[in-house]
1. Below 8 Å between Cα atoms, with a sequence gap of 6+, how large is the relative contact order for chain B in percent?
2. Say we join alpha carbon atoms closer than 10 Å with springs in a Gaussian network model of chain A; which of A:R18, A:R116, A:R100 then has the biggest fluctuation?
3. Once you average over the residues of B:2-11, how many Cβ atoms of partner chains fall within 10 Å of each Cβ?
4. Restricting to DSSP loop positions (anything but H, G, I, E, B) with no more than 12 other Cβ atoms inside 10 Å of their own Cβ, which trypsin sites (Lys or Arg not before Pro) remain in the range A:203-295?
5. Before anything else, pin down the relative contact order of chain A: Cα pairs under 8 Å, at least 6 apart, normalised by residue count, whole percent.
6. I'd like the distance between the alpha-carbon centres of the range B:1-22 and the range B:348-424, rounded to an integer number of Å.
7. Which is the longest run of chain B containing none of the trypsin sites (Lys or Arg not before Pro) found in DSSP loop states (not H, G, I, E, B) with at most 10 other C-beta atoms within 10 Å?
8. As a test, work out the antiparallel percent of DSSP beta bridges whose residues both lie in the range B:49-193, rounded to the nearest 5.
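Read-outs throughout are calculated quantities, based only on the coordinates presented, and are distinct from any laboratory measurement. Predicted model only: the values in this text are computed from it and were never measured. Cβ coordinates were reconstructed from backbone atoms using ideal geometry, including for glycine residues, and neighbour counts include every protein chain displayed.
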Amino acid sequence: MPTVLLSVTNLVKNYGARRAVDGVSFRVLAGQTLGLLGPNGAGKSTIVGMLCGLLAPDGGDIVLGGERVAPGAAAVKRKIGVVPQDLALYEDLSALENLRLFGALYGLRGKLLAERIDKVLGQVNLADRARDKPVTFSGGMKRRLNIAAALMHDPQLLILDEPTVGVDPQSRNAIFDTLEALQAQGKALIYTSHYMEEVERLADHIVIIDHGKVLADESPASLHSRLAAQAALRVELAEPAHASLLDGLRSQRGVTSLNADGGALDIGLAQAADALPVMGWLQQAGCRPLHFATARTSLEDIFLNLTGRTLRD
Amino acid sequence: MTAFLALIRKDLILFLSDRRALVISLALPIVIAAFFGALFGGSAKTSAIDVALVQQDTSEIGNKIAAGLKADPNLHVTPLAMADADKAVRKGDQKVAIVLPVGFGEAAGAALFGSGEKPSISLLYDPSQPAVLAMVKGMLTQQVMSVVSAEMFGGKMGQEMTERSLHQLDEQARTDPDSRALRDMLASVQKYQTLPTRDGAAAGPSKGLSMPFTTADKQLSSGVAEQGYNAYAHAFAGMGVQFILFMGIDMGIGILLARRSGVWSRLLAAPVSLTQVLLARAASGAIIAFALLCIVFAVAVFGFGVHIASLPGFIGMALCFGVLTASLGLVIAAFGKTPEAARKIAMFAVLVMVMLGGAWLPSFLFPQWMQTLTMAVPTRWAIDGLDAVTWRGMDAMAAAPAMGVQLGFALLFGLLALWKFKRA
C-alpha cells in the first residue's frame, strides 16, 4: 500500500474577518499526482502558499514525510519543489546562474551543484541554452526553466501552480512530457490549473475547492460517476425542433437531460451506448440530422456542476 | 552560509550586468563632482577676479594705475571700451568694470593736496557679486594711493602740480595765515622733489604711499593637511554620497519589483529565512556602495589631486556609509507600496537629505540654526566624515563619531525594515 507523503488536516486561514480556507483536508500519496481545482478566489493560492511554507495557517496541520510544514521549517522545505504561477526567475541572470542560485538556496554546492544543473537542464530540454539569459527566452522556455529551478534539489513533492499559463501547445506538450517523466520516477505532484484537460491528463486524484472548502476529493473515475450523464450527444437538425419532438426525445431510454437551441440539441446520455437508439428514434421521427457528435462527459462539466456557472472575477 | 553567499553573489552579478546602473552610479557623480569642484575653486590656492578696465585717462598716472592693476595677481584685468565693459558686466562676463575718467590723474593729484575736487572712479558691478566689489575697491584704493602719491612726491607731473599750487598759495597767503603754513609745507615738498638721487639724477623718491603692513595667510585645517583645501574633495564626497544613495533607492525598488513578480516568494519558499534574505540583500548593497565610493574617490585622488589624509579613516567611513545606504534601501522596500510611487518619494527624500547634508553646498555655509538642525540628517555625518578624512586632514579617530552615527541610523533603518517586512 502506498505511503502517505503529505497530510493536510483541517486547514484554516483567515484574512481579517474573511475565512479564505475553511477546514480543508486531503492527502497525497507517494508517487501520486493530485489535481487541485477551484474557481478564482476559491482559496487555492492560499492553500498553495501554506503548502510551500510561505503562509502560516491559523488552524490545522500540514505534515510532509512526518515533519510539519511552516514558514520557519527549513528542513521540510528541502523536500518541496515549488513552481510558482509567476515566473520566479532573474531575467538578467543566465539560465545557469539562475539554477546555480536556486540550487545554492537548498544547500547544493561544488560538484553536486554542477551535476544537478546538467541533469535538470536535460530534463527540461534547455541544455543548449544554459548560458543565455531568460530575457531572450520564449514564454515556454521560461516556464521550463521555472520548473528546472524547482527540481534542482530533487524534491520529494513538486507543487506546480498553473505551470502552463501563456505557453504555446508545443511548449505545453514539452512540459507534460517532463512532468510525466517525473511521475514515472515516482515523484509526487500537486498540480493546479484552470485547464481541466491538463488535470485530467496528469492527475490520478482530484480535489475541488470552492469558498475555502473541499467539494470533492476523489479519483477522476469516481468524479465522473457523480454525474447522471456519462456521455453527451450533440445533434444539429435541418429545421428547429418542435415541442412534441422534444417531449418524445425526453421520454427515450437513456436520455438524462436535453437542451435545445433551435435545431441544435444537446442530449445527456446515461451511457455512450444509448447514442445509437436515440439517433434511430430521431430518424424514425422524420428528423434530418445535418451533423452529430458524441463525447464523454468532461471534468469541466463535473467542475461546473459542483462549483456552479456564476462568474468569479 | 551557502545560500547567504549565493544571494549576495546573485546581487553583485545583477548589478554589474546593469550598465545603466553602473553609469548612473559611477560616471555621473564623477562628472558632476568635477563640475562643482571646479566651480568652487578646484585645487588652486586662489583664483583671480575678472575685472574690466575702461582707461579714459591716458596720463602718466592713469597709465601707471592701469599697469598696477594688471600686475596685481589677485586680478585678471581685461581692457575694454566703455560700451563693451557695460555690456560685459550686464551679461555677467565681468564681475566689475573700473572706469578711470579723463583727467583723473591730474584731478587726483590736486585733490591729494586739498586744492581741488576729488575725482570719481565709476565702478560698474554685477549685483550678484557685492563681495567682489568690496575686494576690488580695496585693491583699487591701494593702487591709486600708491601711484598718485608717488607721482605727487617725485614725478614730473607732481613737480608741475606743486609749482602751480605754490603759486596759488602765494596769492592766498597774503590774507590767510593757514594758507601760509600749507605753502611752507609745499615748499618743503618741492625741495624734496628736487633732491638729487644717489647716482646724481634729478629725481625724488619713486615709491608712493603704500599699506603700512602685509598679512601672512596660513590655511588651517588639521595637523596633517599639508595639501590645503581642495574643493574637489568636498564635491566628490557630496556627489558620491548622493549618487550612491540613488543606488540604494534602486536596491529598494528592486526588492519591491521582486515582491511583485513572485521571485521574492520563490526565495522565501526555499529553506532560507526572511531575515537571511534581507541581510544578504543588505550585505550586497553595502558591498556595492563601498566599492562605488572607493572608485569615485580613486578618480578624485588620481584625476583631481584630492588627498586622502587617513586611509583607515576613509575605509571606515566608506564601509559605514555602505551599510547606511543598504539599510535605506531596505526601508524603501519595506514601506513602499508600489515601485513607482516608492521611487518618487524616495528620490525626493534623498535629494532633501543630500541637500541638508551639505552635498551641494558645504554645510558651513548654512545659517547656524540650520547647521544645528542638520545634525539629525545622516548624510550630514557622511559628508562631514569624508571631509574630515580628506581635506581637513584628520585621522580615523576624528571620523569615528561620524561612523558611529551612520551605523546608528543604519541599525534604526534596518530594524524598522525588518519589523515592517515581518508584519507584511
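1. Values: 630 pairs, mean separation 75.4, N = 424.
Once divided by the residue count of chain B, the mean separation gives 18 percent.
2. Maximum fluctuation in the GNM of chain A, among the listed residues, is at A:R18.
3. On the way: counts 9, 10, 2, 2, 12, 3, 0, 4, 9, 1.
For peptide B:2-11, the averaged partner shielding equals 5.
4. Working: sites: A:K213, A:R226, A:R234, A:R250, A:R253; in loops: A:R226, A:R253.
Filter output for the range A:203-295: A:R226, A:R253.
5. Working: 579 pairs, mean separation 60.9, N = 313.
So the answer I get is 19 percent.
6. Here the answer is 27 Å between Cα centres.
7. On the way: sites that count: B:K45, B:R174, B:R198, B:K207, B:K218, B:K337.
The answer is B:46-173.
8. Details: 4 of 14 bridges.
In the range B:49-193, approximately 30 percent of DSSP beta bridges are antiparallel ones.
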